Amino acid sequence: MKDVLRLFLPKATNITLAEKFRAGGAGGVAVLGLGLLIRFIPHGQVPLLVVVSMAASTLLLFAVPDSPMAQPWNLVIGHAISALTGWCVAYLVNDVVVASAIAVGVAILFMHLLDALHPPGAATALSLVLSGTQFRAMGGAAVITIVMVNVFAMLALALLINNLLPGRRYPTPHPPTVRTPHQPTIGIVASDIHQALKDMDSVIDASEDDLLEIYERAEHHARQRTAATPNARG
């Protein structure tokens, strides 16, 4: 029973208190900046407003900026395809409950297909359905404009704020593919993973147990591949 209850308890992290304050402060500053930009930039014929799902994007961009889901491609394409999906479904399906289910499901599918998973995108799709009457009257072009102004403003703020904070670099660079000479395997244990995460002082979308499992599975596949190589040559 205790093991079952432990599944519902939070997992300990190695994030310092300073980094937690940085994430909260950066998120608050970003939302303030977004609101001011939306208020003062020329609106033209489009009634610009802050899209609620930007709050969820803020969490990703400033609390877990190294997450694959927080990178620029995911932010921009995830919201764009979700907004288009939500508006189309709201226009075609009258039942709000059914439209909500379709919009969220299709948005997730498209984000997956485009390698642009960004959880707040699903919220964008849902919000366009729930506010269907308001957004339907604007037309698809106006709706996409509103969402994309929010998205690009948030991206600009993420680029500015994250790169001003110590120890951060956004977007996260792709790791170089380096072929190193074969070296004897060095056993990695939980304490090594723990110390590595502590050194990074940032939120990683995986727990120590997840990383250890990945390492063990990779090592298992490497052994299988190595064992199969002589047979394949023979």
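The values are calculated or read from the model by the stated rules, or taken from the named source; none is laboratory data. Small disclaimer: the values here were computed from a predicted structure and weren't measured. Glycine gets a Cβ as well: all are built from the backbone with ideal geometry, and neighbour counts include every protein chain shown.
Some observations on this one:
- Residue check for ARG179: at negative phi and at pLDDT below 70: yes
- Filtered by the rule that a residue be basic (Lys, Arg) and at pLDDT 80 or above, segment 1-38 gives LYS20, ARG22.
- Test: residue in segment 129-140 that is within 15 Å of the chain's Cα centre (by Cα), in the same structural domain as LEU49 (by TED's automatic domain parsing) and in a helix (DSSP H, G or I): no
- Evaluation of GLY140 against (1) closer than 20 Å to LYS20 by Cβ; (2) modelled with pLDDT of 70 or more (one fails), failing number: (1)
- Conditions (1) in a helix (DSSP H, G or I); (2) farther than 25 Å from PRO47 by Cα; number of the one not met by ASP115: (1)
- Whichever residue in segment 50-76 is in a helix (DSSP H, G or I) and of a type in the set (Val, Ile, Thr) and, among such residues, is nearest to MET154 (Cα to Cα): THR58
- Members of segment 1-54 that are under 25 Å from LEU128 (Cβ atoms), among the small types (Gly, Ala, Ser) and loosely packed, with under 10 Cβ neighbours inside 10 Å: GLY44
- From the list SER57, SER100, the one residue that fits, being out of contact with any Ser or Thr (no Cβ under 7 Å at 6 or more places or on another chain), closer than 21 Å to LEU164 by Cβ, at pLDDT 95 or above and among the hydroxyl-bearing types (Ser, Thr, Tyr), is SER57.
- Restricting attention to segment 39-54 and to residues that are more than 18 Å from HIS79 (Cα to Cα) and among the hydrophobic types (A, V, I, L, M, F, W, C), the residue that is modelled with the lowest pLDDT turns out to be VAL46.
- When the criteria are applied in full, THR226 meets the requirement of being more than 26 Å from PHE62 (Cβ to Cβ) and either modelled with pLDDT of 70 or more or among the small types (Gly, Ala, Ser) (or both).
- Filter result (hydroxyl-bearing (Ser, Thr, Tyr) and modelled with pLDDT under 90) within segment 157-175: THR172
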